[in-house]
1. Between the stretch 384-448 and the stretch 105-133, what is the C-alpha centre distance in whole Å?
2. By what distance, in whole Å, do the Cα atoms of the chain stretch along each of the three principal axes, largest value first?
3. Convert 4 °C to kelvin, take the viscosity as 1.567 mPa s, use the Kirkwood radius over C-alpha pairs of the stretch 309-415 as Rh, and evaluate the Stokes-Einstein diffusion coefficient in µm²/s, rounded to a whole number.
4. In the chain, with Lys and Arg counted as +1 and Asp and Glu as -1 at Cβ, which of these residues, A15, G258, I132, has the Cα nearest the positive end of the dipole, that is, farthest along it?
5. Placing one identical point scatterer on every Cα of the stretch 178-327 and ignoring solvent, what is log10 I(q)/I(0) from the Debye formula at q = 0.14 Å⁻¹?
6. What net charge do the residues around I55 carry, taking every other residue with its C-beta under 14 Å from that of I55, with Lys and Arg at +1 and Asp and Glu at -1?
7. In the neighborhood of V261, defined by Cβ-to-Cβ distances under 11 Å, what is the net charge if each Lys or Arg adds +1 and each Asp or Glu adds -1?
8. Place +1 on the Cβ of every Lys and Arg and -1 on the Cβ of every Asp and Glu in the stretch 342-535, take the dipole about the Cα centre, and give the residue among G396, I357, N412 whose Cα lies farthest towards its positive end.
Amino acid sequence: MGIVDWVISPGSRNAPITLTFANDPRINSLPVVDERSAAFIALGIGIRKGTPAAISCTSGSAALNYAPAIAEAYHQEVPLFIVTADRPQKWIGNGEGQSIDQVNVYQNYCLSSYHLNEDDSEELMIETFQKIVGDLFGHKRGPVHLNLAFEEPLYGTQDAVLSYKFNQPEIRNELWKSEDLVNKYLKKKRVMVLVGQMSRDERLEYLLSELLVDKRLVVLTETNANLSHRHFVSCIDRSLPSLDQDQFLPELVITVGGAIVSKRIKKYLRSVPNLEHWHVSDTETFPDTFESLTERIFTTPTKFFRAIFDSLSLESNEDYQSRWVQRSFINKERHEHFVSNVQWSDLKAHALIYEWIPDGAILHQGNSSVVRYYQLFDPIKEVLYLSNRGVSGIDGIVSTALGFAHNDDRMNVVVVGDLSFQYDINALWNALNTDNVLIIVINNGGGGIFKIIDGPSSTGVLEDYFQVKSTTDLESLCKSYGKDYKKVYQEEGLEIVLMNVIAAFQANTFSGLVLEVDTSGVASAEILRDYFNEVNPQ
């Protein structure tokens, strides 16, 4: 089936699955007790390798613990094979332990779900597995669920049907009207290409940079797009003009990739009158993010933009691109001036980490405030930016990063908030190699995002029910898991630790570290508001 990575959680009901793969030398099996963490670890492995990883657990609530990672994989379009063990149907609802109705339990977050009983015919099993392979390796990517009902005895049964092998299915051809769309494009005077979360694609980066010869077109990206060019507008939130500046408004927006972090650009484009929106995807996923989707273009972005480039007519006098790029450059200068003079805060800490992060590193960004801060800094071409932006939850951030970093030889830097770190603390419980992982915990005294966004501050219960300050001693927590730990309280201390980390990594003496960065005594939310007032005044 082409699936060699199996993350297996202990249990009796899934013993036949465990015995099948734990004893197979061709399989990379990894035991992880906490099913929630296990599923996110498999997600991280799948993101790094670009091929499906598998997870397997026992019956009952264990299966439900997979749900957050499955939802993330579904919305991030990452293939994931979920194999849940179950009791025979006659025992469901009849007082047996560890039994719930598991058939189609993830139906809203899976490409497909299948159920097999132990006494099903071999023909049905082969047919089912052929469908599973087609779903996992087809043009549309995401999770696939197989629920297996096992009778007892559960041991001594490793010759399971899961050992069947099948050929990978063919992917069908794309369907799109190239000539019609190119003609529509050529009639536009102001075109915006907006790139969301995606893996690094050097061919697409090259094509978009070539398209910049068309001055009617501007390219907006975020760090998670992993595309870089001097004339791409890469920091949307610090560059976005106000709606009353008509010269910046697009007639056509072409989106590629997945989730977009910036709430500002979403609100901005939803307010543009008579906007046309085209989305290009080879997975048949076409989000109507701006409530103006007019074209669903089923093809690869590279094929689409190659067709546009090959048909370009450069007779227009419109210079839409320069307006955006000039504004971006001006606001970048303001950004650099503000950051160089800002006091110790969340913003300053992120700026120091940004300046330090080595070429070739992987930056795993936590959700809530962390990923938003990194949209304010120009993307580093040699750094890969990752974040769980499918559902954008704080659960599983560290587990996903550690799954990605497992058996990877690059420096993996995980930047998370203190609540996110504690929420996923069981990520540190597992037999994963963390010798290449620096976990930086920004401890701003709780959920800092709720001081940044509009609303919570005016409720009167910000600290008790939104921010929820934590009094946990992170040092004791880390040491209980056997992890090295350091804490810094100011700029100089952070710089020293970061320099020592890179020196140790280069000398092959680094063995992993959790670094707590304490900004809890600083009004970071107010500083961020001052930042926007100075850098991007409306």
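1. 33
2. Computed over the chain, the largest-to-smallest principal extents equal 74, 60, 51 Å.
3. Values: Rh = 16.4 Å.
Reported coefficient: 79 µm²/s.
4. G258
5. The Debye formula, applied to the Cα set alone, gives -0.61.
6. Values: positive: R36; negative: D5, D34, E35, E72.
So the surrounding residues net to -3.
7. Details: positive: K263, R264, K266, R372, R389; negative: E222, D237.
Combined, the nearby Lys, Arg, Asp and Glu give +3.
8. Result: G396.
The numbers here are math on the coordinates, done by the rules we state, and not lab data. Bear in mind the structure is a predicted one, so any value in this text is a computation, not a measurement. Note: ideal-geometry Cβ built from the backbone for every residue, glycine included; neighbour counts use all protein chains shown.
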